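Below: one structure, written as structure tokens.
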Number of protein chains: 4
Amino acid sequence: MTTAATPRDAHGQPPQAPGYTGHKADHLDRLNKIEGQIRGISRMVTDDRYCIDVLTQITAATRALQEVALGLLDDHVRVCVTDTARTDPTHAEEKYTELNETLRRALRL
Amino acid sequence: MTTAATPRDAHGQPPQAPGYTGHKADHLDRLNKIEGQIRGISRMVTDDRYCIDVLTQITAATRALQEVALGLLDDHVRVCVTDTARTDPTHAEEKYTELNETLRRALRL
Amino acid sequence: MTTAATPRDAHGQPPQAPGYTGHKADHLDRLNKIEGQIRGISRMVTDDRYCIDVLTQITAATRALQEVALGLLDDHVRVCVTDTARTDPTHAEEKYTELNETLRRALRL
Amino acid sequence: MTTAATPRDAHGQPPQAPGYTGHKADHLDRLNKIEGQIRGISRMVTDDRYCIDVLTQITAATRALQEVALGLLDDHVRVCVTDTARTDPTHAEEKYTELNETLRRALRL
């Protein structure tokens, strides 16, 4: 995973608060729980637990991850996309394109 | 996550090696990487990284989880379902039903 | 399928052009192709074609449907959500909520 | 859509009844309903119906298609995969590989 890229804001300018600032603690809380779920799944595999039970937990963790994605998408549209459309219309097009590509990946197209 | 249930095998008898035994190390390796991915995503949120970059990593982690699920499904059909159908036909029906319910959840129906 | 509800616009007022007006012909073209795909799948089943070949075509049709959904989502955010946020901020909240619920269903959460 | 390939059975031999024979009428019934759903969606677009309402119907049609896929997968594992594993073990490997690739596409990996 490449997470080391220089932070960038909507316009390639110095970073500002991201759209999810108001829900940051909530997202981190969910992600911590998911990390625990993944650890639990590893433990199940280590303990030779039945395939179907492991699969059930993988589906639950996948769903929890998608919930975080949905929350971030909501924050992003409310804050980043709307603000850009309102205050910086010349950059709105790239926001829409970027959102579209993100939804394409999230919908696995 | 409820992972504490008594291990059970295909027939509700004392546990045997699960279908994924031959790929156990591989599954654990992938799960460890996913745990690292989730931790990386938490770090991105902590660091106020741009929403879209966080979403991209969530999609990557989701895909990696689904790869583990696919591997386990493959192991399960090859070993557990086939063995039961071959050696214990009276229990095959419950294997098929269980697989169907698992696929239903995996396909998110 | 309930498609008979009275058309409504963003604000519960008499209908206006929907966000996808500019891509209407394109969406209809894709939907016509998908209708043909579904008919082709029925024909495969009628002709006792091999399960896996039928499944491959169902996956293709599903993907094509999701492409239409992605196009409509793009139109909707660009036009309906943005316009409401810009010109009618008191109704923006309901737009965001509605989009969120739609994405939740599209992501099958 | 390429549906014209010569029918083939599990072993590349002359066609036999596919795994879904017992549910053929049920699958055709569902597919007919889906074809009607797609036609209804086209009509909604023609009538300039609100984007979100169109998206809701697309999600419903997608889910209905996935239900048919799940039914076919169930038939396929119960009949084709199991029969091959039981009566023709030398061809079982290709059945497993084929199922795996089909699930990979269905899970959109």
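The values are calculated or read from the model by the stated rules, or taken from the named source; none is laboratory data. Source: prediction; values computed, not measured. Cβ atoms come from the backbone with ideal geometry, glycine included; neighbour counts cover every protein chain shown. With ligands, DNA and RNA removed, areas are computed over all heavy atoms of the protein, side chains included. Shrake-Rupley method; radii C 1.70, N 1.55, O 1.52, S 1.80 Å.
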* Asked: Among the numbered criteria (1) open to solvent by 20 Å² or more (accessible area, probe 1.4 Å); (2) more than 7 Å from every other protein chain (Cβ to nearest Cβ); (3) at pLDDT below 95; (4) not in a loop (DSSP other than H, G, I, E, B), which single criterion is violated by B:D29?
  -> (3)
* Among the numbered criteria (1) more than 19 Å from C:Q57 (Cβ to Cβ); (2) surrounded by fewer than 20 Cβ atoms within 10 Å (Cβ to Cβ); (3) in contact with a helix residue (DSSP H, G or I) (Cβ under 8 Å, 6 or more places away or on another chain); (4) of a type in the set (D, E, K, R), which single criterion is violated by D:E93? -> (3)
* Residue, farthest from C:I41 (Cα to Cα), within the range C:75-90, restricted to residues that are more than 10 Å from chain D (Cβ to nearest Cβ) and open to solvent by less than 30 Å² (accessible area, probe 1.4 Å) -> C:D88
* Asked: Can you pull out the residues in the range A:37-81 that are in contact with a Lys or Arg (Cβ under 6 Å, 6 or more places away or on another chain) and touching a residue at least 12 places away in the same chain (Cβ under 8 Å)?
  -> A:V68, A:V81
* Asked: Among the residues of the range A:61-73, is there at least one that is out of contact with any strand residue (DSSP E or B) (no Cβ under 6 Å at 6 or more places or on another chain), surrounded by 21 or more Cβ atoms within 10 Å (Cβ to Cβ), closer than 13 Å to C:V77 by Cα and modelled with pLDDT of 95 or more?
  -> yes
* Structure fact -> Taking first residues from the range C:82-94 that are closer than 16 Å to C:P18 by Cα and second residues anywhere that are open to solvent by less than 10 Å² (accessible area, probe 1.4 Å) and of a type in the set (K, R), the pairs with Cβ under 6 Å that are 6 or more apart or on different chains are C:T84/C:K95
* To do: Check C:T3 against each of (1) more than 18 Å from C:N100 (Cα to Cα); (2) open to solvent by 50 Å² or more (accessible area, probe 1.4 Å); (3) modelled with pLDDT under 95 and name the one condition it does not meet.
  => (2)
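Would you point out the residue of the range A:32-60, among those that are part of a loop (DSSP other than H, G, I, E, B) and open to solvent by 30 Å² or more (accessible area, probe 1.4 Å), that is farthest from the other protein chains (Cβ to nearest Cβ)?
Restricting attention to the range A:32-60, the residues satisfying the condition of being part of a loop (DSSP other than H, G, I, E, B) are A:47-50.
Those still in the list that are open to solvent by 30 Å² or more (accessible area, probe 1.4 Å) too: A:47-48.
Details: A:D47: 7, A:D48: 5 Å.
Within the range A:32-60, the match that is farthest from the other protein chains (Cβ to nearest Cβ) is A:D47.
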